[in-house]
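Note sheet for the following structure.
Derivation of every value follows stated rules applied to the coordinates shown; laboratory data play no part. On a predicted model such as this, the values are computed, not experimentally measured, just so you know. Positions of Cβ are generated from backbone atoms using ideal geometry, with glycine treated the same way; all protein chains shown enter the neighbour counts.
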Amino acid sequence: AQERTLSIIKPDAVAKNAVGDIISRFEKAGLQVVACKMVSLSQEKAEGFYAEHSERPFFKDLVSFMTSGPVVVQVLEGDNAIAKNRELMGATDPKKAEAGTIRADFATSIDANAVHGSDAPESAQREVAYFFSDEEICPRG
Ligand code: CMP
């Protein structure tokens, strides 16, 4: 089915100048960028985004990493977009990511893991709305 998912290119990948390479992988896989912006996340914005992880031991480091430099947030649209994006990203821990995936190629650690992607339809809907208003999303039909 046609889906939308939220993708974030994290500060480590932005710092490596890998924005174009990563977006190119999405496009080559048939996903369309229907919204895109670069933002520097405030602590509050990052904490709200990752609220479900607030009790996890890695939460503080995660928020501190996500506010360490600009990120590029995008809405990707396409057939099976949520799973397709997760396949392209590879496992959360780059040591476990399959060869040829974004994390295998660009990530350096489980924190600096290059990209985030929504993991289910409910989180995709929440995460897209967390960053984009309806007017900022440009369906391409
Ligand atoms: P992300 O998909 O952005 O969602 C939460 C992030 O927490 C995850 O990617 C990792 O970068 C980071 N993280 C750090 N430690 C862990 C862990 N042990 N398990 C899951 N995520 C972790």
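What is segment 1-66 by shape, rounded, prolate or oblate, if you read a ≥ b ≥ c off the alpha carbon gyration tensor as root eigenvalues and call it rounded for a/c under 1.5, prolate for a/b larger than b/c, and oblate otherwise?
Judged from the Cα gyration tensor, segment 1-66 comes out prolate (a/c at least 1.5, a/b above b/c).
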Value of relative contact order over segment 67-141, rounded to a whole percent, pairs C-alpha under 8 Å and six or more apart: 25
Packing-based ranking, highest mean first, of 12-25, 105-118 given that Cβ atoms within 10 Å are counted: 105-118, 12-25
How high is the relative contact order of segment 1-120, in percent, with contacts defined as C-alpha pairs under 8 Å that are six or more residues apart? 40
Exposure proxy order (Cβ contacts within 10 Å, fewest to most) of THR5, THR101: THR101, THR5
Helical mean residue ellipticity (222 nm; -39500 (n - 2.57) per DSSP H run of 4+; nearest 500) of the chain: -10500 deg cm²/dmol
Around VAL33, what is the net charge, scoring Lys/Arg as +1 and Asp/Glu as -1 over all other residues with Cβ under 10 Å from its Cβ? -1
Using a 10 angstrom Cβ neighbour count of at most 11 plus a DSSP loop assignment to flag exposed GluC sites (Glu not before Pro), which longest range of the chain is free of such sites? 1-54
